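Comments concern the structure below.
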Amino acid sequence: MENRNKVELHKISKVFLNGDSCEAAIEEVSLSVKENEFLVLLGPGECGKSVLLNIVAGLMEATSGEVYINGELCGGIHPEVGMVFQELGVLPWLTVRDNVALPEKFRGMSKKDRYAHGQEFIDLVGLHGFEKYYPHQLSGGMKQRVGIARAYASDSDILLMDEPFGKLDAQTRYSMQDEILKIWNQNKKTVIFVTNNIEEAVYLGDRIILFTAAPMSVRRIYDLKDLPRPRNYTDEKFLQIRGEINRHMDLVIQ
C-alpha cells in the first residue's frame, strides 16, 4: 500500500515588500511529501528554498497558497513538525542533555522524565558519554547532532532540515550525510532537506525537487527510489543523475 501524504503544498507563493516595490521569492509551488520519505529541495543559493521551508514550519506566512499536514490545513506552527537550522542552533549555556531536553521542558515534563526521554535520542545520534558537555566543548558536527537529537526528541513526525551541513568542513559534511541516513533508517521520519549541493542531494534523497532561481518554481522532479543505498559518489548511475541535474540547474552569480 502506498504511503499517505504527510505534507502537501498547494500553489505556495511568497512576495516580499521592498520599499515601494514587491519582490517575488516563490511562485506557485505545489508538491507533496509521502510518509517516511526523504525529500530533498535542491536549487541555487538564495532562490527561496529556506523561505519555503519556513512556510512549512509555520515560521513564515505565505502570500498565497495552502499548507496541509496529514491532510489538514495548517495555519501556523504544527506540533508534528521539527526543524534543524543551518546555523548551529544549540544554546551555549546548556549542556547536551539540557539542549536535547528543551522541547519537553517547555511542555512541562519533569526533569527526570525529559532526561530519560532525551537519552534515547542522544544515544541515537552517537553522543552517549557527552551528555554533560557544553557546546564550546563539541566539534561542529557534534553540535549539529545535538540539533538533530533535539528535533527527534520533540516527537515530531516531520523533520525539516535547512542546509544543516552547509557550514561544516568537507570531511565532516560527508560523515554527517552518512550519520543522518543511519539515524533516519533507525528511526524513520518524513524528512524535507534543503541543499544547493547536487552530490549531497543525490546521495541523500528518495526524491529531488529541482527549483529555478528566484522567483522560485519547480523545474524538475527526480525519483531516486530505484537508486540502491548505500550510494557511491563514483557509481555510474550516480554520476549520470548528477550530470543530468547539473545540466538543468540554474547558475546564479552573486
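The values are calculated or read from the model by the stated rules, or taken from the named source; none is laboratory data. The structure presented is a predicted model; accordingly, all values stated were derived computationally and were not measured. Note: ideal-geometry Cβ built from the backbone for every residue, glycine included; neighbour counts use all protein chains shown.
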Checking Glu61 against (1) charged (D, E, K, R); (2) buried (at least 17 other Cβ atoms within 10 Å of the Cβ); (3) within 19 Å of the chain's Cα centre (by Cα), only one condition comes out false. Which one?
(2)
So, in segment 229-249, how many residues would count as being part of a loop (DSSP other than H, G, I, E, B) and either under 21 Å from Ile209 (Cβ atoms) or in contact (Cβ under 8 Å) with a residue 12 or more places away in the chain (or both)?
5
Taking segment 137-169 and the residues there that are of a type outside the set (A, V, I, L, M, F, W, C), assigned to a helix (DSSP H, G or I) and in contact (Cβ under 8 Å) with a residue 12 or more places away in the chain, the one that is nearest to Asn36 (Cα to Cα) would be Tyr152
Can Phe121 be described as among the aromatic types (Phe, Trp, Tyr) and either crowded, with 18+ Cβ neighbours inside 10 Å or touching a His at 6+ places or on another chain (Cβ under 8 Å) (or both)?
yes
Of (1) part of a strand (DSSP E or B); (2) surrounded by 14 or more Cβ atoms within 10 Å (Cβ to Cβ), Ile221 satisfies every one except (2)
If I go through segment 12-22 residue by residue, how many of them are surrounded by 13 or more Cβ atoms within 10 Å (Cβ to Cβ) and over 18 Å from Ala57 (Cβ atoms)?
1
Being surrounded by 12 or more Cβ atoms within 10 Å (Cβ to Cβ) and touching a Lys or Arg at 6+ places or on another chain (Cβ under 8 Å) is the filter; apply it to segment 1-11 and report the residue that is farthest from Leu53 (Cα to Cα).
Asn5
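Looking at Glu46, Glu80, can you tell me which residue is within 22 Å of Ala25 (Cα to Cα), among the charged types (D, E, K, R) and under 20 Å from the mean Cα position of the chain (by Cα)? Steps first, please.
On the way: Glu80 fails: within 22 Å of Ala25 (Cα to Cα).
After ruling out the rest, the residue left standing is Glu46.
Hey, among the residues in segment 157-184 that are loosely packed, with under 15 Cβ neighbours inside 10 Å and among the small types (Gly, Ala, Ser), which one's nearest to Ile77 (Cα to Cα)? Explain how you work it out, then say what you get.
Taking segment 157-184 and keeping what is loosely packed, with under 15 Cβ neighbours inside 10 Å, we get 167, 169-171, 175, 178, 182.
When the remaining residues are screened for being among the small types (Gly, Ala, Ser), the result is 170, 175.
Working: Ala170: 33, Ser175: 31 Å.
Among residues in segment 157-184 that are loosely packed, with under 15 Cβ neighbours inside 10 Å and among the small types (Gly, Ala, Ser), the one nearest to Ile77 (Cα to Cα) is Ser175.
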Flagged pairs (Cβ under 7 angstrom, 6 or more apart or on separate chains; first in segment 97-108, polar (S, T, N, Q); second exposed (fewer than 14 other Cβ atoms within 10 Å of the Cβ) and assigned to a loop (DSSP other than H, G, I, E, B)) are Asn99/Leu91
Every listed condition ((1) among the hydrophobic types (A, V, I, L, M, F, W, C); (2) in contact with a Leu (Cβ under 8 Å, 6 or more places away or on another chain); (3) surrounded by 19 or more Cβ atoms within 10 Å (Cβ to Cβ)) holds for Phe238 save (3)
With respect to Phe106, determine if the residue is surrounded by fewer than 13 Cβ atoms within 10 Å (Cβ to Cβ) and aromatic (Phe, Trp, Tyr).
yes
Just a yes or no: is a residue in segment 109-118 modelled with pLDDT of 90 or more and either within 20 Å of Lys189 (Cβ to Cβ) or surrounded by 15 or more Cβ atoms within 10 Å (Cβ to Cβ) (or both)?
yes
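Take segment 185-197 and flag every residue that is within 22 Å of Gly140 (Cα to Cα) and crowded, with 19+ Cβ neighbours inside 10 Å.
Going through segment 185-197, the residues within 22 Å of Gly140 (Cα to Cα) turn out to be 191-197.
Passing the criteria: Val191, Ile192, Phe193, Val194, Thr195, Asn196.
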Kindly provide the set of residues from segment 32-82 that are closer than 14 Å to Val7 by Cα and among the polar types (S, T, N, Q), ordered by number.
Ser32, Asn36, Asn54, Asn70
